Structures are given as C-alpha cells and as structure tokens.
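Bear in mind these aren't lab numbers, they're just calculated from the coordinates by the rules spelled out. Worth saying up front: this structure is predicted, and the values here are computed from it rather than measured. Neighbour counts are summed over all protein chains in view; Cβ atoms, including those assigned to glycine, are modelled from backbone coordinates with ideal geometry.
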Amino acid sequence: MIILFPANALFLRHKPRQVDQYPDGIKQNMLPTEPRSGDIPDSRPSAEWSIKRATRSGRFWALIIFPFLAVIGIYIILVHNVKFLVDQGVDKMTAALIFAMVGVISSVFRVFWGWPSDRIGRELTYTMGIICACLGVSCLLLFEASGFRQLTYTFSILLGIGWAATAPMFMAAAADLFKGKIFGLMYGFVKAGIGIAGALGVWVSGFIFDKTRRYNMAFVLVIVVLLLSCAFIWIAAPRKVGLENIQTP
C-alpha cells in the first residue's frame, strides 16, 4: 500500500494517447493517414472472439497449458522447499528465512518484469524468468549433492526472480490474445487451470517423496515442467497478435 498504491496513482496511464502512442502496438507508419485529434484507430480484430472460436484455436490451449505447467512446478517448490532444507540439516529458522526471502524478492520483481515485457515481449521476458527459476531449483539439487550452504541463498534469489515472472505474464498474455468482451471468461479458464495445477503439483511431489524418501526427482520434474511451460508461451505467441490484428481486412 505504501509503495505500489501511490506509484499507480501518480504514474499509471490508462490510454495510449497519454504517452503519445497508438493502441495495441500500432505504429504511426502503419496508418494510412495521420489521425485527427480524438480519432483513435481501432486495432481490435474485425470479428469478436466467441467461446466456440476460441476453443478451436491452438493459442487458446497453449494459453491454458503454459500457466498450468508453470504452477505445477512453482507449487512443488513453494510447498516442499522448507521441509527439504530441514531434512538436509538446515535449522528451521534459517529454512524459514530462506523461504521468506523468496517471497520478498518475488514481490520486488513482479513490479520489474512488466517493464521488459512491454518492450521486448511476453515470451522473451517469461523465458528469462523461467531460466532464473530453473537455475534456482538446480541450486537445491547441487546443495543436496555438495552440502554447500551458500547455494540455498542463491536458490532463494533466483527462484524469487523467476517466480515473479509467472503470474504477471499469465494475465498479460491472456489480455494480448483475447482482448474484448470475452477476456474475463478466457482468464477464468486460465485461473481454473492454475487452481487444478497447484493441487496436482503438491500431490505429485508428495507422492514422489513417499515412494523415494527424497525430493530430487520432484525437483527434476519442476525443471522439466517449467521448461515445457516456456515452450508453450512461444506457441501461444502473444507477440504476433498485434500485427495480425492490424493486417485483418
């Protein structure tokens, strides 16, 4: 409330014209004529999305799958990392501090990731975040193998940075792909998948631990599903939507 509310009240702009831009990525040289005052070009698709049209689109399913996979991986780590650290000989208060650091760092970088995503694209920004998260999880695997305690702090930094890139990109990609009246419903499907994924990830990792008495296979699974999630945001390709809408006759 102290930092984000004043920042949004003072600096958030709601319309492209407030920052001398055109809607949805339209460039000035893409327009046939210079727009008159108050004459803002409409970059929306000529046909509004419908449920039937959306579910027949591969991008819709890619949009559902990439958050689904990411949340499976993230929840495995969030729920089980403290228990893992304690099992490896880290005292409970230190393990709790490491977990708290993940949350604090994530909070900071949730604000940061929006800036590059608007400039270099959702896919590349998300990829950078996922790489950080995978490196963070790898630190836990290395810590188990080596016992080098400093890796646990590296884990908290990298996972916090990577985790921060997930939720903002889920909503931004959905808005890019399904703008218009149907957006709320489309994002509802995304959130439903996220809820199922969270429960599934926690259960699967617990099942793996019950069978093996170790977390290493669960952490390998985290890296696999995060990388697959990264692949699916590129398949969804929100970066292409603005140009396609402009070219729609």
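Count neighbours as other Cβ atoms within 10 Å of each site's Cβ, and list the trypsin sites (Lys or Arg not before Pro) in region 180-219 that are DSSP loop with at most 14 such neighbours.
K181, R213, R214
Across region 125-166, how large is the tail of the calculated P(r) beyond 12 Å, expressed as a percent of all Cα pairs? Within region 125-166, distances greater than 12 Å cover 50 percent of Cα pairs. Pairs from the list K83/K191; K83/K240; K83/K179 with a Cα-Cα gap above 31 Å: K83/K240; K83/K179. Along the charge dipole of region 65-241, which of G136, L151, A70 sits closest to the positive end, that is, farthest toward it, with unit charges on the beta carbon of Lys, Arg, Asp and Glu (+1, +1, -1, -1)? With unit charges placed on the Cβ atoms, the residue in question is A70.
Using every pair of separate Cα atoms, the Kirkwood estimate puts the hydrodynamic radius of region 65-241 at 16.5 angstrom. Summary of the geometry: region 129-163 and region 210-237, compared by the centres of their Cα atoms, lie 14 Å apart.
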